[in-house]
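Quick notes on the structure that follows.
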Amino acid sequence: MANDTKKKSKKKLIILVGIGAVLLALGVLVIMGSSRETIITVQTEKVERKTITQIVTATGKIQPETQVKINAEVSGEITELPVREGQRVRKGDLVVRIKPDAYQAQYERAQAALAVSEANLVKAESEHKRVSELFEKKLVSEAEMEIARASFQSAKASYAQANASLKEARETLAKTTIYAPMSGVVSQLNSEIGERVSGSTFTQGTEIMTIADLSRMEARVDVGENDIVLVSMGDTARVEVDAYMDRKIIGIVSQIANTAKSTGLGTQDQVTNFEVRILLNTPEDVRLRPGMSMTADIETETHGSVLAVPIQSVTVRAPKKEKTEDASEGEVVMQKSKKKDDDLDEVVFVVADGKAKTVIVKRGLSDDSHVEVTGEGLEGADVVSGPFKAINRELENESKVRVENKTSRQPG
């Protein structure tokens with residue numbers, strides 16, 4: 001019985017010693033883990049001098065620089081349409097004829113009315129001359145003279161009115177025949193022979209066709225209100241047309257709209273844009289057509305030989321606090337920096353001796369990958385370029401880092 005008790009006590013002691021050893025080991029691991037500093041893995045890029053070109057990117061359509069829409073000015077049936085879409089025409093060529101019968105009859109009635117008015121005028125003039133001679137000889141009364149004069153004036157007015165009606169009828173008849181106002185290509189044809197078109201002096205008539213000069217094309221793009229202030233007349237643009245993805249067409253900004261175009265007014269999706277036109281220097285082997293989709297990179301400003309870092313390298317951090325000693329109380333107090341609490345410094349992280357140090361920078365121009373910066377001791381330094389999480393959240397001044405840059409592997 002005594003032996004059994006001794007065995008049980010010995011077993012409990014072994015268990016307690018084991019538990020104590022495990023707890024001691026765990027404590028050691030916790031202490032070692034808490035004392036170990038975090039090392040952040042980063043990628044770096046050397047700060048060098050580059051040429052930075054600021055670019056405003058916008059999308060739009062290709063359109064002819066000059067095009068004319070031909071609308072009907074009189075109503076009627078199209079009896080002749082000797083052109084087809086895509087056909088080249090010269091200035092003065094017949095492009096549309098509208099049935100002229102009704103307008104021809106109107107013109108002939110105006111001619112007849114003018115002939116009657118002319119005959120009445122001759123008669124009234126002769127009568128006025130005869131009565132005037134008799135009045136000078138005092139052979140007719142003054143009342144008769146006034147009647148002859150009034151008849152003559154009325155005949156002249158009727159003649160002028162008939163003449164104006166004839167002129168109007170002639171012009172209306174002439175509008176039934178339409179000639180090309182410029183040389184170019186029929187870029188759009190909206191009507192066919194036999195269709196009726198409407199026209200009026202006071203309203204825009206039916207659009208029959210569009211004639212465009214396809215030898216001079218331009219890109220029309222919409223630029224946002226925040227970027228339009230960067231664009232100037234004469235800026236160079238590189239245009240990529242969807243149909244020619246492997247080509248870049250050079251253009252010059254030729255026109256900037258003064259009035260904005262707004263869409264989605266009164267909604268959260270409201271957008272305000274300004275139209276910018278870019279005159280293109282189209283290569284001979286490129287055939288641009290109206291309505292083609294395109295994207296333009298407008299080069300608004302260029303700075304040469306400036307320090308540049310990857311765009312993602314620039315981030316923000318809260319400004320540092322400055323320690324000053326209050327002589328009256330003899331204790332050190334924390335004072336706010338001159339900046340407001342809600343202001344943030346733009347910084348980059350420079351790697352030196354295994355640590356990341358913050359350098360306050362001022363941004364300048366930027367292109368699609370790099371941004372111009374100014375700051376102390378940047379030239380030739382290794383600036384952190386990734387990863388995004390480290391730059392934006394993890395890194396602080398004096399953080400320990402490990403640089404792992406990708407290197408190109410040699411074959412074999």
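The values are calculated or read from the model by the stated rules, or taken from the named source; none is laboratory data. Worth saying up front: this structure is predicted, and the values here are computed from it rather than measured. Reconstructed Cβ throughout: ideal geometry from the backbone, glycine too, with neighbour counts over all protein chains shown.
A few notes on this one:
- The numbered conditions (1) of a type outside the set (Lys, Arg); (2) surrounded by 11 or more Cβ atoms within 10 Å (Cβ to Cβ); (3) free of Cβ contacts under 8 Å to residues at least 24 places away in the same chain are all true for residue 378 except (3).
- Residue pairs whose Cβ atoms lie under 8 Å apart, sitting 6 or more positions apart in sequence or on different chains, and linking a residue in the range 63-87 that is more than 15 Å from residue 194 (Cα to Cα) and outside the structural domain of residue 203 (by TED's automatic domain parsing) to a partner that is loosely packed, with under 15 Cβ neighbours inside 10 Å and basic (Lys, Arg), are 64/216; 65/216; 66/216.
- Residue match in the range 116-123 (condition: touching a strand residue (DSSP E or B) at 6+ places or on another chain (Cβ under 6 Å) and of a type in the set (A, V, I, L, M)): no
- Residues that are exposed (fewer than 14 other Cβ atoms within 10 Å of the Cβ), in contact with a Phe, Trp or Tyr (Cβ under 8 Å, 6 or more places away or on another chain) and within 24 Å of residue 116 (Cα to Cα), drawn from the range 139-177: none
- Candidate set from the range 109-128 (those that are within 27 Å of residue 170 (Cα to Cα) and polar (S, T, N, Q)); member that is surrounded by the fewest Cβ atoms within 10 Å (Cβ to Cβ): 111
- Checked against the criterion of being of a type in the set (A, V, I, L, M, F, W, C), surrounded by fewer than 17 Cβ atoms within 10 Å (Cβ to Cβ) and not in a strand (DSSP E or B), the range 85-105 has at least one qualifying residue.
- Of the strands (runs of 3 or more DSSP E) lying entirely inside the range 217-305, those containing at least 1 residues that are touching a strand residue (DSSP E or B) at 6+ places or on another chain (Cβ under 8 Å) and modelled with pLDDT of 90 or more span 217-224, 236-241, 249-256, 271-280.
- Output for the range 356-400, where each listed residue is assigned to a strand (DSSP E or B) and among the β-branched types (Val, Ile, Thr): 358, 359, 360, 371, 373, 374, 383, 384
- The listed residue being outside the structural domain of residue 76 (by TED's automatic domain parsing) and either touching a residue at least 12 places away in the same chain (Cβ under 8 Å) or hydroxyl-bearing (Ser, Thr, Tyr) (or both), out of 189, 166, 139, 134: 166
- Verdict on residue 131 being closer than 23 Å to residue 208 by Cα and buried (at least 18 other Cβ atoms within 10 Å of the Cβ): no
- The range 169-186, residues that are more than 25 Å from residue 88 (Cβ to Cβ) and either assigned to a strand (DSSP E or B) or in contact (Cβ under 8 Å) with a residue 60 or more places away in the chain (or both): 169, 170, 172, 173
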